[in-house]
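The values are calculated or read from the model by the stated rules, or taken from the named source; none is laboratory data. This structure is a prediction, so every number in the text was calculated from the model and none was measured. Ideal geometry is used to build each Cβ from the backbone, glycine not excepted, and the neighbour counts take in all protein chains shown. Calculation scope for accessible area: heavy atoms of the full protein, side chains included, ligands and nucleic acids excluded. Shrake-Rupley method; radii C 1.70, N 1.55, O 1.52, S 1.80 Å.
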Amino acid sequence: MAAAASISSDDITIVIKPTLFHYTNWCSTRPLQLIIELGLEDEIDVRWLKDKKILTTKAYMSEVHAFGKVPAFKDGDFRLMESGAIFLHILDKYSARVPSELLPANLKPLLYQYLFLACTSLYDFILCAFWNETDTTTVTKIWKDDFMPYLESRIVDGGFLESPTFTILDIAMTYELVQLEAFKLIEEGSKLGQYLQRVKQRASFASTFA
């Protein structure tokens, strides 16, 4: 993936082609990894923001993201926010570029399940861990008793979610799992931890989380 140039607030709103606005290790990594996996770097410009101050500028909030967040997606006058929505939009708009091995027909319904699971329930665990707004003992118990066993039951031995090979389902979940690992909610030797290590071997992971 070609290095994305940093941009100033003066040219933040200028887009010539479909553009993803991204900040390192934020949930914009979800659509970014999809772009890389599908080889869309020439079709979609990735604006890798280097200064968070840009997000609160009048230009960015009026022309890119009303709440001063990332990710944001802009294509001419069309604007979209929320990583899951952008993820699905890219899949739909560039459906002809999606190889069947990355999204087998039998797994497509499950994509919505895992995408929304990641963006809602798993993201809630991250917020609780980050802000310490909830008793961490309770949060950890719910994670270990309910969510982690379920996810581990859906991992094919030595493989990935619902499949022996890497698919777009794995991309949908990666950001939240990486964050949960950082908060020590995924142990390295666990089945989920071993799965995450396999995901990290993907070339698109290295480019996305660089």
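Values computed for the structure shown
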{"read-out": "Scope region 51-84; condition free of Cβ contacts under 8 Å to residues at least 12 places away in the same chain, in contact with a helix residue (DSSP H, G or I) (Cβ under 9 Å, 6 or more places away or on another chain) and part of a helix (DSSP H, G or I); matching residues", "value": "MET61"}
{"read-out": "Residue in region 164-190 that is modelled with the lowest pLDDT, counting only those that are polar (S, T, N, Q) and open to solvent by 10 Å² or more (accessible area, probe 1.4 Å)", "value": "GLN179"}
{"read-out": "So LEU34, is it of a type in the set (A, V, I, L, M) and outside any helix (DSSP H, G or I)", "value": "no"}
{"read-out": "Residue selected from region 92-117 under the condition open to solvent by less than 20 Å² (accessible area, probe 1.4 Å) and in contact (Cβ under 8 Å) with a residue 60 or more places away in the chain, by the criterion nearest to MET173 (Cα to Cα)", "value": "LEU111"}
{"read-out": "Odd one out for THR137 among (1) outside any loop (DSSP other than H, G, I, E, B); (2) under 27 Å from ILE35 (Cα atoms)", "value": "(2)"}
{"read-out": "Test: residue in region 40-50 that is part of a loop (DSSP other than H, G, I, E, B), modelled with pLDDT under 90 and open to solvent by less than 50 Å² (accessible area, probe 1.4 Å)", "value": "no"}
{"read-out": "Subset of region 182-210 (residues that are of a type in the set (S, T, N, Q) and touching a helix residue (DSSP H, G or I) at 6+ places or on another chain (Cβ under 8 Å))", "value": "SER190, SER204, SER207, THR208"}
{"read-out": "Evaluation of GLU63 against (1) more than 14 Å from ILE35 (Cβ to Cβ); (2) open to solvent by 20 Å² or more (accessible area, probe 1.4 Å); (3) within 17 Å of the chain's Cα centre (by Cα) (one fails), failing number", "value": "(3)"}
{"read-out": "From PHE183, PHE209, residue being among the aromatic types (Phe, Trp, Tyr), closer than 26 Å to TRP48 by Cβ and within 14 Å of the chain's Cα centre (by Cα)", "value": "PHE209"}
